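> Below is the structure I would like to discuss, written out as structure tokens.
The values are calculated or read from the model by the stated rules, or taken from the named source; none is laboratory data. Since this is a predicted model, take the numbers as computed values, not measurements. Glycine also receives a Cβ, built like all others from the backbone with ideal geometry; neighbour counts cover every protein chain displayed. We work out accessible area using only protein heavy atoms, side chains counted, and drop any ligands, DNA or RNA first. Shrake-Rupley method; radii C 1.70, N 1.55, O 1.52, S 1.80 Å.
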Amino acid sequence: MSKHAFDSVSDIIAFAIEREKEAAEGYGRMAGLAVVPGLKEFLLSLQKEEEAHRELLEGLTDAQLKDLSPGFSPDLRIVDYMVEEPLSKDMTLQDLLIFAAQKEKKAVELYSKLASMAESSAQRGVFEFLAGQEQAHKLKIEAEYEKIVLPEN
């Protein structure tokens, strides 16, 4: 749980932007280590997703903030109970998909917890929106897992 105090919606957005930057940088570092065919490209696509999310957050106007809604992304729960392997340069695509989906799941849980602790409806709305965005990322990764890994098993 974050020990950061959020005094305003702007604080929440700044926190989320930093998390998106860190996520994009992490995927970029992983891409630099990737040796498994297709893995580098997938990691770079995840990096672009995080950069797009950061840009979305940076571009939010006050009017847009008031109208944020979490949206709905189903949760396939494919990787929820799978063991997350530590990152390595020779990890398989399956391992990477599990790792990435677990990472997004943790982000959903963080923002959902922060929403439940929010001091105002505006703060709660932003956290719920952020949780929805992360859930959409998780869905995309789990859909890839379902498409690529599950048919092989």
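> Summing +1 for each Lys or Arg and -1 for each Asp or Glu, what net charge is found among the other residues whose Cβ lies under 9 Å from the Cβ of residue 26?
Every neighbour counted, the sum reads -1.
> Right, something else. Per-residue ellipticity at 222 nm for the chain, helices alone: DSSP H runs ≥ 4 residues times -39500 (n - 2.57), over residue total, nearest 500 deg cm²/dmol?
Computed ellipticity for the chain at 222 nm equals -23500 deg cm²/dmol.
> Additional query: Quick one: accessible area per residue over the chain, 1.4 Å probe, rounded to a whole number of Å²?
56
> Scattering from the C-alpha atoms of the chain alone, worked out with Debye: what is log10 I(q)/I(0) at q = 0.10, 0.14, 0.19 1/Å?
Values, matching the q order: -0.37, -0.70, -1.16.
> Here's a follow-up. Quickly work out the residue 122-to-residue 45 label distance, labels modelled 7 Å from Cα along the C-beta direction, and quote it in nm with one decimal.
For residue 45 paired with residue 122, the spin-label model returns 3.9 nm.
> Here is a further query. Using only Cα atoms, tell me the angle between helix 39-58 and the longest principal axis of the chain; keep it within 0 to 90° and round to the nearest 10.
With both axes taken from Cα atoms, the answer is about 10 degrees.
> For region 66-126, state which trypsin sites (Lys or Arg not before Pro) are in a DSSP loop and have at most 16 other beta carbons lying within 10 Å of their beta carbon.
Here the sparse-neighbourhood loop sites are 77, 89.
> Pick from 131, 52, 34: which residue has the top mean-square fluctuation in a GNM of the chain where Cα pairs under 10 Å get a spring?
52
> Follow-up. Within region 1-108, report the chymotrypsin sites (Phe, Trp or Tyr not before Pro) that DSSP leaves as loop and that have at most 13 other Cβ atoms within 10 Å.
Loop-located and lightly packed - 72, 81.
> Where does helix 9-33 land angle-wise versus the long Cα axis of the chain, in degrees 0 to 90, nearest 10?
Helix 9-33 and the main axis of the chain meet at about 10 degrees.
> With charges only on Cβ, +1 for K and R and -1 for D and E, what is the dipole size of region 28-137 about its Cα centre, in debye, rounded to 20?
120
> Could you compute the FRET efficiency for residue 61 and residue 83, with r as their C-beta to C-beta distance and R0 at 30 Å, rounded to 0.05?
E between residue 61 and residue 83, to the nearest 0.05, is 0.10.
> May I pose another question? Of the accessible area of the chain, with the probe set at 1.4 angstrom, what percent is carbon plus sulfur?
Roughly 53 percent of what the probe reaches on the chain is carbon or sulfur.
> Next question, about the same structure. Which entries of 89/113; 66/105; 21/89; 21/147; 48/89; 48/113 show an alpha-carbon separation above 24 angstrom in the structure shown?
89/113; 66/105; 21/147; 48/113
> Applying 1/(1 + (r/R0)^6) with R0 = 35 Å to the Cβ-Cβ distance of residue 10 and residue 72, what FRET efficiency is obtained, to the nearest 0.05?
That gives a FRET efficiency of 0.85.
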